[in-house]
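Accompanying notes for the structure given below.
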Amino acid sequence: MDRIEELIKRVRQLRPIDDAMFKKLAESKAVRQEILRVILNDKKLIVEEVISEDSIANIFGRAVRLDALCTLGNGALCNIEIQKENVNDDVRRVRYNASSIVSRFSEKGQKFSEIPDVIVVYISEYDVFRLGRTIYHIDSVIRETNTTVDDWLSRVFVNTQYADTDNTDVGKLMKCFLQKEIDNDKFPELSDRLSYFKNDGKGVDSMCDIIKDYAKEYAEERAAE
């Protein structure tokens, strides 16, 4: 009983920015769509399909763990990544994961013109570029003419560091990512889904299970190291 109560206490402390909670929140197509509509500034954006695979194997190198991969209405593949600890080269990480997604969802002999567009939304608890902004859009640019080249890879970096002072829609969304409870009419899907995992019996049970899984996975990774 004590162990169960401890797990429930841990669930109560989780926020959307925490991996275990985000994984469950992102199972909802409506939640992903609500988040992406704000970050990508497209009120008509449609999430057609939530891709359940959360990892991409690589027989030649490291595997890729994907937090929330989905297909959009225009056919593009979009992955939302969550990062709390500033211990990685974030830009290279995004580049590697994007290339792994392209490789996984392309077929032998497929024309390059048919290779899927990829969008990576990288949400971190810190400002990756330390330039004082909540959101950054990374483009490919011809240096000599300052012309933007569309290579059908979109990289959007978002952070929660300035959530208390950023009154834009993106800033308000990032503030929600830091809250243990959300009651925001602007983000009803996110609010309701978080409440389900905090207050509904079945939701709490499923969160307890995923916390156990994360603890086991974390222990195995540390043992391997």
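The values are calculated or read from the model by the stated rules, or taken from the named source; none is laboratory data. Because the structure is predicted, anything quoted here is derived from the model rather than measured. Methodologically, a virtual Cβ is constructed for each residue, glycine included, from the backbone with ideal geometry; neighbour enumeration extends over all protein chains shown. Accessible surface is based on the protein model in full, side chains and every heavy atom, while ligands, DNA and RNA are left aside. Shrake-Rupley method; radii C 1.70, N 1.55, O 1.52, S 1.80 Å.
Please verify whether Arg193 is basic (Lys, Arg), within 17 Å of Asp127 (Cβ to Cβ), modelled with pLDDT of 90 or more and within 17 Å of the chain's Cα centre (by Cα), treating the condition exactly as stated.
Numbers: basic (Lys, Arg): yes; within 17 Å of Asp127 (Cβ to Cβ): no; modelled with pLDDT of 90 or more: yes; within 17 Å of the chain's Cα centre (by Cα): yes.
Judged against the criteria, Arg193 is not a match.
Given the conditions (1) open to solvent by less than 60 Å² (accessible area, probe 1.4 Å); (2) assigned to a loop (DSSP other than H, G, I, E, B); (3) modelled with pLDDT of 95 or more, and given that Asn167 satisfies all but one, which numbered condition is not satisfied?
Looking at each condition in turn, Asn167 falls short on (1).
Among the numbered criteria (1) buried (at least 19 other Cβ atoms within 10 Å of the Cβ); (2) within 19 Å of Ile17 (Cβ to Cβ); (3) within 16 Å of the chain's Cα centre (by Cα), which single criterion is violated by Tyr136?
Going through (1) buried (at least 19 other Cβ atoms within 10 Å of the Cβ); (2) within 19 Å of Ile17 (Cβ to Cβ); (3) within 16 Å of the chain's Cα centre (by Cα) one by one, Tyr136 breaks only (1).
Can you tell me how many residues within segment 130-145 are outside any strand (DSSP E or B) and either closer than 20 Å to Val120 by Cα or not β-branched (Val, Ile, Thr) (or both)? Give the steps one after another, and end with the answer.
First pass over segment 130-145, keeping only residues outside any strand (DSSP E or B): 130-134, 139, 143-145.
With the extra rule that they be either closer than 20 Å to Val120 by Cα or not β-branched (Val, Ile, Thr) (or both), the set shrinks to 130-134, 139, 143-144.
Of the residues in segment 130-145, 8 are outside any strand (DSSP E or B) and either closer than 20 Å to Val120 by Cα or not β-branched (Val, Ile, Thr) (or both).
On the basis of being of a type in the set (Phe, Trp, Tyr) and under 18 Å from the mean Cα position of the chain (by Cα), does Phe112 make the cut?
Against the criterion (of a type in the set (Phe, Trp, Tyr) and under 18 Å from the mean Cα position of the chain (by Cα)), Phe112 does not qualify.
Within segment 97-114, does at least one residue satisfy the condition of being acidic (Asp, Glu), farther than 23 Å from Lys29 by Cβ, modelled with pLDDT of 90 or more and in a helix (DSSP H, G or I)? Even if it seems obvious, please write down each step before you answer.
Of segment 97-114, the ones acidic (Asp, Glu) are 107, 114.
Of the ones still in play, those that are also farther than 23 Å from Lys29 by Cβ are 107, 114.
Next, only the ones that are modelled with pLDDT of 90 or more stay: none.
No, segment 97-114 contains no residue that is acidic (Asp, Glu), farther than 23 Å from Lys29 by Cβ, modelled with pLDDT of 90 or more and in a helix (DSSP H, G or I).
Filter segment 1-51 down to the residues that are open to solvent by 90 Å² or more (accessible area, probe 1.4 Å) and within 20 Å of Arg155 (Cβ to Cβ) and list them by number.
Asn41 - this is the single residue of segment 1-51 that is open to solvent by 90 Å² or more (accessible area, probe 1.4 Å) and within 20 Å of Arg155 (Cβ to Cβ).
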